[in-house]
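Structure record follows, encoded as structure tokens.
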Amino acid sequence: MAIIETPNGFSLDNSGQRVVVDPVTRIEGHMRCEVNLDENNVIRNAVSTGTMWRGLEVILKGRDPRDAWAFTQRICGVCTGVHALTSIRAVEDALGIRIPENANSIRNIMELALYAQDHLVHFYHLHALDWVNPVSALQADPNATSEIQKSISPGHPKSSPGYFRDVQNRLKSFVESGQLGPFKNGYWTNPAYLLPPEVNLLAVTHYLEALDFQAEIMKIRTVFGGKDPHPNWLVGGVPCAINVHGEGAVGAINMERLNFVSSVIDRTIDFIDRVYIPDLLAIAGFYKGWMYGGGLASKNVLAYGDLPDAANDYSSGNLLMPPGAIVNGDLGTVHEVDLRDPEQIQEFVPHSWYRYPDQAAGLHPWDGITEPHYELGPNTKGTRTNIEEIDEGAKYSWIKAPRWRGHAMEVGPLARYLVAYASGHEEITEQINYVLRTLDVPVDALFSTLGRTAARGLEAQWCARKMRYFMDKLVANIRAGDSTTANVELWEPKTWPKEARGVGFSEAPRGALAHWIRIRDTKIENYQCVVPTTWNGSPRDNEGNIGAFEAALLDTKVERADEPVEILRTLHSFDPCLACSTHVMSEDGRELARVDVR
Amino acid sequence: MRETFYEVLRRQGISRRSFVKFCSLTAAGLGLSPAMATRIAHALETKPRTPVLWLHGLECTCCSESFIRSGHPLAGDVILSMISLDYDDTIMASAGHQAEAIVEEIVRDYKGNYILACEGNPPLNEDGMYCIIGGKPYLDQLRFAAKDAMAVISWGSCASWGCVQAARPNPTRAVPIHEVITDKPVIKIPGCPPIAEVMTAVITYIVTFGRLPELDRQGRPKMFYSQRVHDKCYRRPHFDAGQFVENWDDEGARKGYCLYKMGCKGPTTYNACSTVRWNGGLSFPIQSGHGCMGCSEDGFWDNGGFYERLTGIQQFGIESNADQIGGSAALVVGAAAAAHAAVSAVKRIRDKGDQQ
């Protein structure tokens, strides 16, 4: 076919060799990616397909709005809790429920703990193997690794040559056993891996350390929410009561519990400062020349903002993480985003496996329709249940295409950091400048796969400190005599109006998230979610604009056509979450077809 | 000759002493007598690492996230030393056809000697294409991998019961895996998610003893699922004494009273939350002030609101187990809960009287 110029400024050519990656691994959920390579192994066309569809919105219909958080929390167990938080905010917005200051602090601490853990797990356990070669670590000199460790992070206690030698021996035995487990069939001979053996050993060692430590961070949420993943939340506040003074304190949030949380926060700050950030910079230093993957980042990014400082105020001035939209790469203007405005956020489906009465129209989530319609285009290779190559000219994904004022947008840590940078956010600007200086790269370097990965690390660092801020705030408020954690004035449905509608938003680790709810006669009448990976993983829209994943893959040179290291790098830099993006379902939930089970 | 678990540990620099300690902790974690530690050690010294294929259907990945939070044993030790986690698309290095090839290889090379661990469930509508792996229905991959598995573990409530996507009206027709794997037992580890240390304990049990744990009628390991959360709840004395939280953040909440009136499903939920607890034994939902939602029970999404008070609790004693009560407890209608509370209180007073 001829070369297509997309309205959002990309050039697509699907004439070259088609490469299919399915399943894309080390993500949440299921996705597929197809690209076309030209004669120089450069990606000239990219197609991202959400390959699962689960749905919760129809299941929510007719249920108690106070239960919605538990359902929506099960949209995702990786970014566990952000959907629950967004849901209770939507219900509180609809019903005009105000929450106590302590509840606001505790919710923020819980969300921030997720940021720290989720970003850490993403970097070491989902993303690192795109850059780090564990097999090469066997060639490392542990003395040299120890020297590197001491130079990049003098404060980290685990730095002796013996320590790294032990890890190397463990790894050696593991590899020699022939049972490679998660490292099996990796791309360990691919020249795309650039780290010297000593840095590989360092990173593998911290892969193991981080795997142990991440579980500690989430204990913060277990204290307040009773379990993790999927802690408990409450419309009107938080379920845990505070009692630091009197009888029965052992059955509530007491001094021992507060001390526990406080100690985990300190250790989290330490771990990120001493392990995550130094590793990030060390690894990035070797890949400075690999500047692919910018995609939409230099054009259109979006953030809703989050972390209300005072309770109940969701205006931009009160959000520690700032909201805004940047379009056409103009960092000089941060546009205001209004989630209630029907003209701003709309979802399109011409290339998604859904049907609208008017295929070309975009619908605001309050008026959203989700009717599934699985059909493959005429140029598909394979069959309906055995897709060899997908036809992106037709419908090709279980993900819808959300747009902000018609623009495809990138969301996530990099989008947030760019919005904060453009808004003159002091702490974040300082962090960004530090990294640019350390790596000796220009601002434009942010618009890349590595920029995305770096922003995530910096955000983890910033969030860990904000946890400390809200913990201190919580303790100060308790000391001032306020132990309140829930507002029950409007708990009983009989106190609610006959009809209400609301919107709740947050910044999930993967990007901007919002839920829209309509309540009628105390039950949920309609519920819609637009989630981060719906933005980033979006297929084409009615005008042919491509989404963030597809845009970011373009023009990347791959070393070996049959080993998708570079494709994984860029997709992983978004931290895709497919269960989130494809949770939507039909209005009537009707059955479309059956297969015989037995 | 494949290596034994113990040999692998030794080669990985783990000392005999640590190994023995690990066996003792495992025995304790499973609620077994100290004498069993020796038997575990012997088993691990003579067995190779078992390949595990961990497949993902329709799910939210909370089971995997729970698994990596295991405090004893640490998830890293399970993955690197106890089993050979050869396929798990959430953490594996390879992707696409290199990943798919692993499933075929393990099924071929370890016929009858690998464990299939399933997270999530298959949708049957739309020819199974609501969940696509490698361009084909997930159902195909599941059946292929199940065919020659030594054992099938069903992680969490999705694989075990259907969970949230199967809640009314279940438009993808998502089904628990035992509806499509019918020729061998499926070990159900329900919960949304299951407790991390329960997950690792079940894996440890199988590779240690070389057999499946004893299961109840519904396929759940008796060692973790034979008692109700209510039976072992540390707030149970408040239930028996008639001391309840009446509203969020009230005096009762601050004193840690019973959450029954706030909708707690502990009295009808079979799980180990109140004993093993969560995240290294730190807390569990009731301890942190929210009632149990019953997430390990079949169809818990459709059993009434999470804040609706249970209206049917039988007055059975704590010696009753899941098999005797079955799944009927929540359905029994009557003022039984209140009666249960009253009877408990009366019994307590009477027992006290007897003693005097």
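Within the range A:244-259, the set of residues being surrounded by fewer than 21 Cβ atoms within 10 Å (Cβ to Cβ) and either at pLDDT 95 or above or not in a helix (DSSP H, G or I) (or both) comprises A:VAL244, A:HIS245, A:GLY246, A:GLU247, A:GLY248, A:ASN254, A:MET255, A:GLU256, A:LEU258, A:ASN259. Identify, from the list B:ARG173, B:ARG168, the residue that is within 7 Å of chain A (Cβ to nearest Cβ), basic (Lys, Arg) and either in contact with a Leu (Cβ under 7 Å, 6 or more places away or on another chain) or without any contact (Cβ under 8 Å) to a residue 24 or more places away in the chain (or both). Going through B:ARG173, B:ARG168 in turn, the sole match is B:ARG173. With respect to the conditions (1) more than 7 Å from every other protein chain (Cβ to nearest Cβ); (2) under 23 Å from A:TRP535 (Cβ atoms); (3) crowded, with 24+ Cβ neighbours inside 10 Å, A:ILE4 falls short on a single one, namely (3). The residue that is farthest from A:THR145 (Cα to Cα), among those in the range A:260-285 that are of a type in the set (D, E, K, R) and surrounded by fewer than 21 Cβ atoms within 10 Å (Cβ to Cβ), is A:ASP266.
Restricting attention to the range B:85-124 and to residues that are more than 10 Å from every other protein chain (Cβ to nearest Cβ) and small (Gly, Ala, Ser), the residue that is surrounded by the most Cβ atoms within 10 Å (Cβ to Cβ) turns out to be B:ALA117. When A:GLU39 is tested against the conditions (1) surrounded by 22 or more Cβ atoms within 10 Å (Cβ to Cβ); (2) without any contact (Cβ under 8 Å) to a residue 24 or more places away in the chain, the lone failure is (1).
Condition check: closer than 20 Å to A:VAL58 by Cα, among the β-branched types (Val, Ile, Thr) and surrounded by 24 or more Cβ atoms within 10 Å (Cβ to Cβ). Does A:ILE524 satisfy that? The answer is no for A:ILE524. Comparison of A:ASP212, A:ASP270, A:ASP228 shows that the only residue that is over 30 Å from A:LEU490 (Cβ atoms) and in contact (Cβ under 8 Å) with a residue 24 or more places away in the chain is A:ASP270. Inspection of the range B:268-275 finds no residue satisfying the criterion of being under 29 Å from A:GLN214 (Cα atoms), small (Gly, Ala, Ser), surrounded by fewer than 23 Cβ atoms within 10 Å (Cβ to Cβ) and within 12 Å of another protein chain (Cβ to nearest Cβ).
Of the residues making up the range B:69-84, those that are within 7 Å of another protein chain (Cβ to nearest Cβ), outside any helix (DSSP H, G or I) and surrounded by fewer than 24 Cβ atoms within 10 Å (Cβ to Cβ) are B:GLY71, B:LEU74. In the range A:215-225, the residue that is nearest to A:LEU120 (Cα to Cα) out of those that are aliphatic (A, V, I, L, M) and in contact (Cβ under 8 Å) with a residue 24 or more places away in the chain is A:ILE217. Applying a threshold of 7 Å to beta carbon distances and a minimum spacing of six or more residues, or different chains, the list of pairs starting in the range B:233-246 at a residue that is assigned to a helix (DSSP H, G or I) and ending at one that is of a type in the set (D, E, K, R) reads B:ASP240/B:ARG348.
Is it true that A:SER573 is at pLDDT below 90, in contact with a Gly (Cβ under 7 Å, 6 or more places away or on another chain) and among the small types (Gly, Ala, Ser)? Considered against the rule, which asks whether it is at pLDDT below 90, in contact with a Gly (Cβ under 7 Å, 6 or more places away or on another chain) and among the small types (Gly, Ala, Ser), A:SER573 comes out as no. Listed by first and then second residue, the pairs linking a residue in the range A:400-423 that is farther than 23 Å from A:ASP541 by Cβ to a residue that is among the acidic types (Asp, Glu), with Cβ atoms under 8 Å apart and 6 or more places separating them unless they lie on different chains, are A:PRO413/A:GLU459; A:ARG416/A:GLU459; A:ARG416/A:GLU507; A:TYR417/A:GLU459.
Per the listing A:ARG32, A:ARG44, A:ARG66, the residue uniquely basic (Lys, Arg), touching a Gly at 6+ places or on another chain (Cβ under 9 Å) and part of a helix (DSSP H, G or I) is A:ARG66. Can you say whether B:PRO213 is part of a loop (DSSP other than H, G, I, E, B), free of Cβ contacts under 8 Å to residues at least 60 places away in the same chain and touching a Pro at 6+ places or on another chain (Cβ under 6 Å), as far as the supplied structure shows? Here the answer is yes, as B:PRO213 does meet what is asked.
When the range A:203-228 is filtered for residues that are over 17 Å from B:MET293 (Cα atoms) and acidic (Asp, Glu), the ones remaining, listed by number, are A:GLU209, A:ASP212, A:GLU216. State all residues of the range B:44-63 that are at pLDDT 95 or above, more than 8 Å from chain A (Cβ to nearest Cβ) and not in a strand (DSSP E or B); if no residue qualifies, say none. Selection gives B:GLY57 alone.
Here B:ASP127 does not qualify as touching a Lys or Arg at 6+ places or on another chain (Cβ under 7 Å) and more than 14 Å from every other protein chain (Cβ to nearest Cβ). Testing B:ASP140 on (1) over 20 Å from A:GLN179 (Cα atoms); (2) surrounded by 24 or more Cβ atoms within 10 Å (Cβ to Cβ); (3) not polar (S, T, N, Q), one condition comes back false. Which one is that? Of the numbered conditions (1) over 20 Å from A:GLN179 (Cα atoms); (2) surrounded by 24 or more Cβ atoms within 10 Å (Cβ to Cβ); (3) not polar (S, T, N, Q), the odd one out for B:ASP140 is (2).
Please verify whether A:PRO197 is out of contact with any helix residue (DSSP H, G or I) (no Cβ under 9 Å at 6 or more places or on another chain), more than 8 Å from chain B (Cβ to nearest Cβ) and either in contact (Cβ under 8 Å) with a residue 60 or more places away in the chain or buried (at least 21 other Cβ atoms within 10 Å of the Cβ) (or both), treating the condition exactly as stated. So A:PRO197 does not fit the description; no.
Of all the numbered requirements in (1) in contact (Cβ under 8 Å) with a residue 12 or more places away in the chain; (2) not in a helix (DSSP H, G or I), A:VAL264 misses one, and that requirement is (2). Which residues, counting only those in the range A:224-233, are out of contact with any strand residue (DSSP E or B) (no Cβ under 6 Å at 6 or more places or on another chain), facing chain B (nearest Cβ under 7 Å) and of a type outside the set (Asp, Glu)? Answer for the range A:224-233, where residues must be out of contact with any strand residue (DSSP E or B) (no Cβ under 6 Å at 6 or more places or on another chain), facing chain B (nearest Cβ under 7 Å) and of a type outside the set (Asp, Glu): A:PHE224, A:GLY225, A:PRO229, A:HIS230, A:ASN232. If you go through the range A:462-494 and keep only what is more than 18 Å from B:ARG254 (Cα to Cα), touching a helix residue (DSSP H, G or I) at 6+ places or on another chain (Cβ under 6 Å) and more than 14 Å from every other protein chain (Cβ to nearest Cβ), you end up with A:CYS463, A:ALA464, A:LYS466, A:MET467, A:ARG468, A:PHE470, A:MET471, A:LYS473.
If you check A:ASN169 against the conditions, is it of a type in the set (S, T, N, Q), within 11 Å of chain B (Cβ to nearest Cβ) and surrounded by fewer than 20 Cβ atoms within 10 Å (Cβ to Cβ)? The answer is yes for A:ASN169.
The values are calculated or read from the model by the stated rules, or taken from the named source; none is laboratory data. Predicted, not measured: the structure shown is a model, and the values here were computed from it. Counting neighbours? That spans all protein chains shown, and the Cβs are built from the backbone with ideal geometry, glycine included.
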